[in-house]
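The values are calculated or read from the model by the stated rules, or taken from the named source; none is laboratory data. What you are looking at is a predicted structure, and each value in this text was computed from that prediction instead of being measured. Backbone-built Cβ (ideal geometry, glycine too); neighbour counts: all protein chains shown. Areas reflect the complete protein model, heavy atoms only, side chains present, ligands, DNA and RNA absent. Shrake-Rupley method; radii C 1.70, N 1.55, O 1.52, S 1.80 Å.
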Amino acid sequence: ADPTVCSHSRRAQLRLCLERLKGLVPLGAAAGRHTTLSLLTRARLHIQKLEDQERRALHQIEQLQREQRHLQRQLEKLGMERVRIDSIGSELSSERSDLDQGES
């Protein structure tokens, strides 16, 4: 293969990749005037920003999952408490009806 053709092909591929990158990275006011270095620098900063956002989002998800588990346990406790209160209530009402029947 001709080295010049390979070189042109690589440059064309690089230009295509840089154009795609321009579409993905917010370039701000200097969108028209950029060097390859400034584009790559902005891309790196943008990636770091996205990674930070992802880390914060994952941390928030973990916190919310812990809170959900805590609330779920509280709900289960309340459910058991309610069953106990209901059973005490039904015992009291059956005792009352026994007393009422005994008085007649």
Residues of the chain: accessible area per residue at 1.4 Å, in Å²? 89
For the chain, what is the per residue volume of the convex hull drawn over the alpha-carbon atoms, in cubic angstrom? 196
7 Å from Cα along Cα→Cβ at both S97 and R44: what's the point-to-point distance in nm? 8.1
Crossing angle, helix 3-24 versus the chain [Cα axis fit, 0-90 degrees, rounded to tens]: 40
Give me the percent of the accessible area of region 1-82 that comes from carbon and sulfur atoms, probe 1.4 Å, all protein chains in place. 58
Could you tell me which residue out of A12, Q63, G23 lies farthest along the dipole of the chain toward its positive end? Charges go on the beta carbon: Lys and Arg +1, Asp and Glu -1, centred on the Cα centre. A12
Per DSSP helix of 4 or more residues, -39500 (n - 2.57); summed, then divided by the residues of the chain. What does that give at 222 nm, rounded to the nearest 500? -32000 deg cm²/dmol
